[in-house]
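A.B. asks: Below is a structure I'd like to ask you about.
Where a number appears in this text, it was derived from the coordinates with a stated rule and is not lab data. Computed from a prediction, not measured in an experiment: that's the story for all the values here. As a convention, Cβ positions derive from the backbone with ideal geometry for all residues, glycine included, and neighbour counts pool all protein chains shown.
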Amino acid sequence: MTVPVDHAVGQGVTEALRVRVRRGDAVAEYVVPRRANQTVLDVVTEIQRDQDPTLAYRFACRVGMCGSCGMTVNGRPRWTCRTRVAAVAPDGMLSLEPLRNLPVVKDLAVDMEPFFEKWRRAHGYFEPGENPPDDFATVEPDSPARQEVDAGIECINCGVCYAACDVVTWNPDYLGPAALNRAWTLVNDVRDQDRDGRLAAVAGDAGCHSCHSHMSCTEHCPKGLSPTFSIAGLKRETGKAALRRFWRRG
Ligand code: SF4
Ligand code: FES
């Protein structure tokens, strides 16, 4: 559906934004007014509310916390609620597609299930053991293990790094940067009781050693995290675990 520029531009708005949206096998075109401080999510919402209520997309918090608004914006995966149009579409053209490497539910909404299934496969959940202490366990904020994962625990599960990862595209079985980053935070959690199981889970064919260190995840993460750094840590620790097993057998 295409709306004429004159119709789309309202009072006090002098410019129009041309928006191309991938909708299955087709591309729909829209025109919306450019507004001050407009985000990409604002644009999608305006299209859905004023022009085409059938357009499907996902968001929740609008403030960079929930991780649900990821889309491909002008060819690059981004969180759309914190992406300003002015920063990514200086020429007034916006191309929107669903995140790469995930099945499309409809239009701009993807199915995140394969992404979270890989968190499960990487043992990306806290394991308290059979007899967790009654008291709250203490994690010293300046301990080396806590410092090692200080940034990594800020992940919001947005899937942007997963969409940016070429290794996931080549090998859909690959656990991917977010699940491995999560595993690394737990490997360094002194309260967790599944260190060996987790290292074994990420050491297989589709695990950390499949990473080619392209650094696309680190380049695209909207939180400024470095899954590449976390994966390097896992490579190191899985290597040490393999050596320990070898020497025990010898
Ligand atoms: Fe999103 Fe960054 Fe977490 Fe990847 S590591 S899921 S890009 S917050
Ligand atoms: Fe929650 Fe964008 S809507 S992170």
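A.B. asks: Among Leu199, Pro222, Gly67, whose Cα projects farthest towards the positive end of the dipole of the chain, with charges put on the beta-carbon of Lys, Arg (+1) and Asp, Glu (-1)?
C.D. replies: Of the candidates, Leu199 comes out farthest on the positive side.
A.B. asks: Using modelled backbone amide H atoms (1.01 Å from N, in-plane), which distant-in-sequence or interchain residues come within less than 5 Å of Ala16's amide H?
C.D. replies: Placed amide hydrogens put Arg34 under 5 Å from Ala16.
A.B. asks: P(r) for the chain, please, calculated from all Cα pair distances in 10 Å bins and given in %.
C.D. replies: 7, 28, 28, 19, 11, 6, 1, 0
A.B. asks: Near the amide H of Arg23, under 5 Å away, which other amide H atoms are found, from residues 5 or more places off or on another chain, if H is placed in the peptide plane?
C.D. replies: Result for Arg23 returns Ala28.
A.B. asks: If you rank Met215, Met71 by fewest surrounding Cβ atoms within 10 Å, what's the result? The partial results should precede the final answer.
C.D. replies: Values: Met215 15, Met71 28.
Ascending Cβ contact count within 10 Å gives the list Met215, Met71.
A.B. asks: Just need the relative contact order of the chain here, percent rounded to a whole number, with Cα pairs under 8 Å and 6+ apart.
C.D. replies: Computed value for the chain: 16 percent relative contact order.
A.B. asks: If you take all C-alpha pairs in region 5-110, what percent of them are over 18 Å apart? Walk me through the numbers on the way to the answer.
C.D. replies: On the way: 2384 of 5565 pairs.
When every Cα pair of region 5-110 is considered, 43 percent fall beyond 18 Å.
A.B. asks: Quick one: 3J(HN,Hα) in Hz for region 139-152, Karplus 6.51/-1.76/1.60 with θ = phi - 60°, rounded, Gly and Pro as x.
C.D. replies: With the stated coefficients, region 139-152 comes to 10, 5, x, 9, 6, x, 5, 5, 4, 4, 10, 3, 6, x Hz.
A.B. asks: Could you tell me whether region 126-250 comes out rounded, prolate or oblate from its Cα gyration tensor? Rule is a ≥ b ≥ c as square roots of the eigenvalues, rounded for a/c under 1.5, then prolate if a/b exceeds b/c, otherwise oblate.
C.D. replies: Oblate, because a/c is 1.5 or more while a/b does not exceed b/c.
A.B. asks: If amide H atoms are built 1.01 Å from N in the plane of the peptide, which residues on other chains or at least 5 residues away come under 5 Å of the amide H of Met71?
C.D. replies: Arg78, Thr80
A.B. asks: Along the Cα-to-C-beta direction of His209, a point sits 7 Å from the Cα; which residues of region 185-203 have their amide N less than 19 Å from that point?
C.D. replies: Residues 196-203 fall inside that zone.
A.B. asks: With each pseudo-label sitting 7 Å past Cα toward Cβ, what's the Arg249-Ala36 distance in nm, one decimal?
C.D. replies: 6.9
A.B. asks: Still on this structure: Give the Kirkwood hydrodynamic radius (Å, one decimal) of region 98-185, defined as one over the mean of 1/r across all pairs of different Cα atoms.
C.D. replies: Hydrodynamic radius (Kirkwood, Cα pairs) of region 98-185 is 14.8 Å.
A.B. asks: Simple spin-label model, 7 Å along Cα-to-Cβ: Thr169 to Arg120 in nm?
C.D. replies: 2.8
A.B. asks: Something else about it: Under the Karplus relation 6.51 cos²θ - 1.76 cosθ + 1.60, θ = phi - 60°, what is the ordered set of whole-Hz ³J(HN,Hα) values for region 59-64, x standing for Gly and Pro?
C.D. replies: Rounded to whole hertz, the list is 7, 9, 8, 6, 10, x.
A.B. asks: Also, quick follow-up: For region 29-38, take each phi angle, set θ = phi - 60°, evaluate the Karplus expression 6.51 cos²θ - 1.76 cosθ + 1.60, and give the result in whole Hz per residue in order, putting x for glycine and proline.
C.D. replies: These are the phi-based 3J(HN,Hα) values: 10, 9, 10, 10, x, 7, 10, 5, 6, 5 Hz.
A.B. asks: Sticking with this structure for a sec: Can you list the lysines whose alpha carbon sits under 25 Å from that of Lys235, skipping same-chain ones fewer than 8 residues off?
C.D. replies: By straight Cα distance, Lys235 reaches Lys118, Lys223.
A.B. asks: If neighbour count is taken as other Cβ atoms inside 10 Å, put Val149, Val190 in order from fewest to most. Intermediate results must be reported in sequence, preceding the final value.
C.D. replies: Numbers: Val149 20, Val190 12.
Exposure proxy ranking, most exposed first: Val190, Val149.
A.B. asks: Measure off 7 Å from each Cα along the Cα-to-Cβ vector at Lys240 and Arg76, then give the distance between these two points in nanometres to one decimal.
C.D. replies: 3.6
A.B. asks: Turning to a different aspect of this structure: Among Tyr162, Tyr30, Tyr125, what is the fewest-to-most ranking by other Cβ atoms within 10 Å?
C.D. replies: Tyr125, Tyr30, Tyr162
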